[in-house]
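See structure below.
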């Protein structure tokens, strides 16, 4: 079964081409849609919701044609916009109840589903307070709740982690994962950060300039690129801590990258050792090695990929090995 | 292989909220899902309630209730006079009450129209409506109907007070019913016209304050300007153009219609009643303004949101 299918889908404005003959086949699960700002992500969502006509080509959502069955699609699909969309003077409960009714739910069901959904997204006592006083994290939860309240089969989440701090970001990504695993709702989530999607998504689609750049199961991405970025301090024994660590890690049998073209632009380039995270023990080996050298560990993090790096992968540009379904976690 | 590391990170993200969620579990909804008609009706009811501050904070109820009270006081006084003087008729006609209360109605329109449409634009809520099983035209229809109903209730209530009061005062039923019916026709025309103008102005001014100011300006400035011009022309014995000038503001338009067709007393200079030709044009312009503002609202919302 395919939840979203597009065939030579194009959208041209007088001066820009937002989508250029896009062919997609998205299966149930969590799918990440990655692209820089202006890559055509929002345009694609607009067309899939049946709100803007495509210039050319076909698209179907849940087996329904976006041209002719817009209202029926929107009955079964949820949408969380990127920007702020909450009136500050009403409470989350009132607002989500209203949005549930706008989705066609009878009053009683709207109230019950609202209570359930707000609890699932982790909004508790504060749901009775006006939303003007909410933190960004709470607002994002309400926005997610209004997209889920009518129990859709598919949700479009447009940049749901925008403006969140690292903890809030992790919470939101965990929540998105649960929308699929626990609620059984398929997810199409957009982001301009590939790194944060690879932990959440089963499948990642990368578009650029309205064209499909790459579509593959997340496992393919992570196998090819999983790396740990390690930064250490210098010490009296090791005036160049970075070099010392690199040698020690090589001696410990790990593969250390000397920094490819993409790494030079990372913050702190030159002071960072990139270690191939072949398996989960890598973390421990790095920690132990740093401790033995007596260096201070500044950071050790999963490297975040940026879209630029995908351009630099010459391997398999536009191809669609509709793998899907592999849970990376 | 390494069962320790990955699940730790996974659990860290899920643990706090996860614990309670797994106890209850997610329940799917297999109940009824209504279509566009239900959605439109729900939006209409919610907007209409919102216009009078029902289901909103106590502070937003103050203005509608205050204005509604001011609207009803003259009606109560008129009834009281009739009852205590044993008169055979009320001292004012319902239609004249509506025309006389125009400034108050203008305030009400200016307060309500931005509440109904500007907020959704200002706070970017439109995309949420559009992503639901309704069309843009449903949104416009629901808001227009809610606004027109709100103005009709606001202007119709004092007429109802007069009608019931007149019956209590044992005035002749036939007379009362007739003038009440004329009053209701005026209320209907008046509400549709002012709903269209009010919503249209509010829909291009997402900031509430601007919306209120702009509506008051659009409703009052032409009204007073036309009245002044009419007066000047009248006293200079140039009566010909007076009846045509009335077409230039919504207030004088309604005033002309009620004195011509709805048995009202004219408040034009010299109490002139417009000619048959002019009367027909008044009706035509009214209809065009209502239809035109509704069409323009639809155009406005073709571009709104997302």
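The values are calculated or read from the model by the stated rules, or taken from the named source; none is laboratory data. Remember, predicted model here, so these are calculated numbers, not experimental data. So basically every Cβ, Gly included, is an ideal-geometry build from the backbone, and we count neighbours across all protein chains shown.
See the values below:
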item	result
Among (1) away from chain B (no Cβ under 12 Å); (2) out of contact with any strand residue (DSSP E or B) (no Cβ under 7 Å at 6 or more places or on another chain); (3) more than 27 Å from residue B:41 (Cα to Cα); (4) not in a helix (DSSP H, G or I) - the single one residue A:68 does not satisfy	(3)
Helices (runs of 4 or more DSSP H) enclosed by the range B:23-111 - at least 3 residues per element that are away from chain A (no Cβ under 14 Å)	B:58-84, B:94-100
Filter result (in a helix (DSSP H, G or I), at the interface with another protein chain (Cβ under 8 Å from one of its Cβ atoms) and either crowded, with 19+ Cβ neighbours inside 10 Å or in contact with a helix residue (DSSP H, G or I) (Cβ under 7 Å, 6 or more places away or on another chain) (or both)) within the range A:71-93	A:71, A:74, A:75
Filter result for the condition that a residue is more than 14 Å from chain A (Cβ to nearest Cβ), at pLDDT below 95 and in contact with a helix residue (DSSP H, G or I) (Cβ under 9 Å, 6 or more places away or on another chain), over B:154, B:210, B:144	B:210
Only listed residue being over 25 Å from residue B:118 (Cβ atoms), more than 7 Å from chain B (Cβ to nearest Cβ) and in a loop (DSSP other than H, G, I, E, B), chosen from A:118, A:123	A:123
Residue among B:234, B:244 that is at pLDDT below 90 and in a helix (DSSP H, G or I)	B:234
Selection count, the range B:128-152, where residues are assigned to a helix (DSSP H, G or I) and touching a residue at least 60 places away in the same chain (Cβ under 8 Å)	16
Filtered residues of the range A:139-171 (kept if modelled with pLDDT under 95 and in a helix (DSSP H, G or I))	A:166, A:167, A:168, A:169, A:170, A:171
Filtered residue count, the range B:263-306, keeping only those that are part of a loop (DSSP other than H, G, I, E, B), surrounded by fewer than 16 Cβ atoms within 10 Å (Cβ to Cβ), out of contact with any helix residue (DSSP H, G or I) (no Cβ under 6 Å at 6 or more places or on another chain) and away from every other protein chain (no Cβ under 14 Å)	1
Among residues of the range A:142-177, those that are facing chain B (nearest Cβ under 9 Å) and either surrounded by fewer than 20 Cβ atoms within 10 Å (Cβ to Cβ) or more than 24 Å from residue A:116 (Cβ to Cβ) (or both), counted	1
Strands (runs of 3 or more DSSP E) contained in the range A:1-41 and holding at least 1 residues surrounded by fewer than 20 Cβ atoms within 10 Å (Cβ to Cβ) and under 21 Å from the mean Cα position of the chain (by Cα)	A:4-12, A:17-26
Check on residue A:49, within 21 Å of residue B:304 (Cα to Cα), within 9 Å of chain B (Cβ to nearest Cβ) and touching a residue at least 40 places away in the same chain (Cβ under 8 Å)	yes
